[in-house]
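Trainee: Pasting a structure here, questions to come.
The values are calculated or read from the model by the stated rules, or taken from the named source; none is laboratory data. Predicted model only: the values in this text are computed from it and were never measured. Accessible surface is based on the protein model in full, side chains and every heavy atom, while ligands, DNA and RNA are left aside. Shrake-Rupley method; radii C 1.70, N 1.55, O 1.52, S 1.80 Å.
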Amino acid sequence: MPPPHAMNSRRITPATDPAATHPREPGPRRRGVAWKTALALLAAVVLLLPVMLLPLTTGVPVFAWLPLLLVGLAAMVWLVVRRRKPHAQLAGVGVLALVAAAAVVASQILSGTPPITGSDGQPVPGSIAGAEKVELNGSEQWILVRGQDPSNPVLLNLGMGGPGGGGFFNAQEFRQLEDTFTVVSWDEPGTGK
């Protein structure tokens with residue numbers, strides 16, 4: 001007599017399985033998880049933008065933005081790995097929202113401009129390098145002033161930021177002109193620092 005587990009067992013091979021010719025459609029639950037994951041990842045990318053823009057548009061030091069970026073990327077991995085767990089995506093997006101808020105705070109508190117240095121790495125005497133808030137027609141605006149000699153002619157760079165992003169991202173392009181001009185980068189009103 002055959003063993004009990006072998007009785008009534010039928011071997012199904014791909015050639016004899018009728019479902020093998022018709023691939024199984026993903027169920028509503030799997031499609032729901034896929035949509036939630038896609039939406040969570042889209043939200044994650046949007047929420048991670050302020051962190052990714054920190055080194056490009058502000059003078060926030062690397063010790064401030066790099067941990068934020070690493071936590072944000074870890075939260076994105078969490079969204080994918082734990083996608084089937086209840087509330088995991090909500091927690092991941094919540095962490096990313098906190099990281100985005102921290103990036104905005106860091107851009108307001110820690111941003112600045114490094115001093116102009118000579119070939120010896122020391123600040124050039126008499127040079128000017130600073131970010132200043134000015135008020136024009138009742139609106140607070142920011143300017144970045146850099147130059148080897150403040151008596152040089154002024155070169156005005158009108159910054160083009162965006163919603164929440166400053167216009168100082170291209171200030172590096174003007175660094176070569178700082179020995180001949182006092183470069184003033186004027187941020188778009190309502191953006192930047």
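Trainee: Kirkwood Rh over Cα pairs of the stretch 35-109 into Stokes-Einstein at 37 °C, 0.692 mPa s: D in µm²/s?
Mentor: Rounded to a whole number, D works out at 266 µm²/s.
Trainee: Two decimals is fine: what's Rg over Rh for the stretch 65-105, C-alpha atoms, Kirkwood radius as Rh?
Mentor: Expressed as Rg/Rh, it is 1.01.
Trainee: State, to one decimal in nm², a quarter of the convex hull surface area for the C-alpha atoms of the stretch 56-156, i.e. the direction-averaged projected area.
Mentor: 9.9
Trainee: Using θ = phi - 60° and the Karplus curve 6.51 cos²θ - 1.76 cosθ + 1.60, what whole-Hz ³J(HN,Hα) does each residue of the stretch 71-82 get, with Gly and Pro shown as x?
Mentor: 3J(HN,Hα) across the stretch 71-82, in whole Hz: 5, x, 5, 4, 5, 5, 4, 4, 4, 7, 5, 9.
Trainee: For residue 84, what accessible area in Å² do you get when you roll a 1.4 Å probe over the heavy atoms of the protein chains, rounding to the nearest 10?
Mentor: We get 130 Å² for residue 84.
Trainee: Another question, then. Compute the Kirkwood hydrodynamic radius of the stretch 46-90, taking the inverse of the mean of 1/r over all pairs of distinct Cα atoms, and give it in Å to one decimal.
Mentor: 11.6
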